[in-house]
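These notes concern the structure reproduced below.
Quick note: the coordinates plus some simple rules give every number you see, no bench work behind them. A quick note: this is a predicted structure, and the numbers were derived from the prediction, not measured. Neighbour counts run over all protein chains shown; Cβ positions are idealised from the backbone, glycine included.
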Amino acid sequence: DESGAAAVEFALVLIPLLWIVFGLIQYGWYFYSMQTGTSAVSSAVRKVTVGDCQSDSDLRTLIYDQLGAATTDSKAAVGITRTYLDGNGNSDSSPGTVGGKVTIEVTYDATNFHFPLIPVPDGGQVTRTVSGRMEDTVASGSPCQ
């Protein structure tokens with residue numbers, strides 16, 4: 001008697017199929033978070049290199065607002081490191097010098113759905129780093145908008 005064989009076969013195929021579907025969802029969301037983070041940090045670097053967005057609180061607000069749903073962290077929990085180098089590659093102080101370099105590194109947690117047997121890279125923590133050449137150190141417009 002072969003009644004019920006289709007149900008057994010479907011059950012055997014369903015588990016790997018669901019594992020693939022949930023893996024696609026988890027990794028898709030992780031890569032979305034990475035891309036959104038890169039975009040947010042790139043935008044912040046563009047603002048800083050022209051002299052805007054010099055205060056840490058304004059920079060944090062700009063980056064956090066642009067991250068949106070890409071992070072599960074609170075605004076205060078998003079790690080932001082800003083470093084300046086002068087034209088010779090030596091450490092410089094804020095707001096940097098024209099011709100120097102600014103680097104912004106942002107670390108935050110992406111959404112982890114905690115699907116069983118589906119690991120998330122770095123436990124879901126995303127780090128994005130972008131550098132830019134300093135073009136101006138005096139704000140020319142509204143800072144961080």
Is it fair to say Ile63 is of a type in the set (Val, Ile, Thr) and within 17 Å of the chain's Cα centre (by Cα)?
yes
Here the residues within the range 1-33 that are loosely packed, with under 10 Cβ neighbours inside 10 Å and of a type in the set (Ser, Thr, Tyr) are Ser3
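Within the range 24-80, how many residues are of a type in the set (Val, Ile, Thr) and under 17 Å from Asn112 (Cβ atoms)?
Going through the range 24-80, the residues of a type in the set (Val, Ile, Thr) turn out to be 25, 36, 38, 41, 45, 48-50, 61, 63, 71-72, 78, 80.
Pick out the ones that are also under 17 Å from Asn112 (Cβ atoms) and you get 25, 36, 71-72, 78.
Looking only at that region, the number is 5.
If a residue must be touching a helix residue (DSSP H, G or I) at 6+ places or on another chain (Cβ under 8 Å) and either within 16 Å of Arg128 (Cα to Cα) or among the β-branched types (Val, Ile, Thr) (or both), how many such residues does the range 48-67 contain? Full working, then the answer.
Residues of the range 48-67 touching a helix residue (DSSP H, G or I) at 6+ places or on another chain (Cβ under 8 Å): 48, 53-54, 59-64, 66-67.
Those left that are additionally either within 16 Å of Arg128 (Cα to Cα) or among the β-branched types (Val, Ile, Thr) (or both): 48, 59-64, 66-67.
Residues that pass the stated criteria total 9.
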Would you confirm whether any residue within the range 49-63 is closer than 16 Å to Glu105 by Cβ and polar (S, T, N, Q)? yes
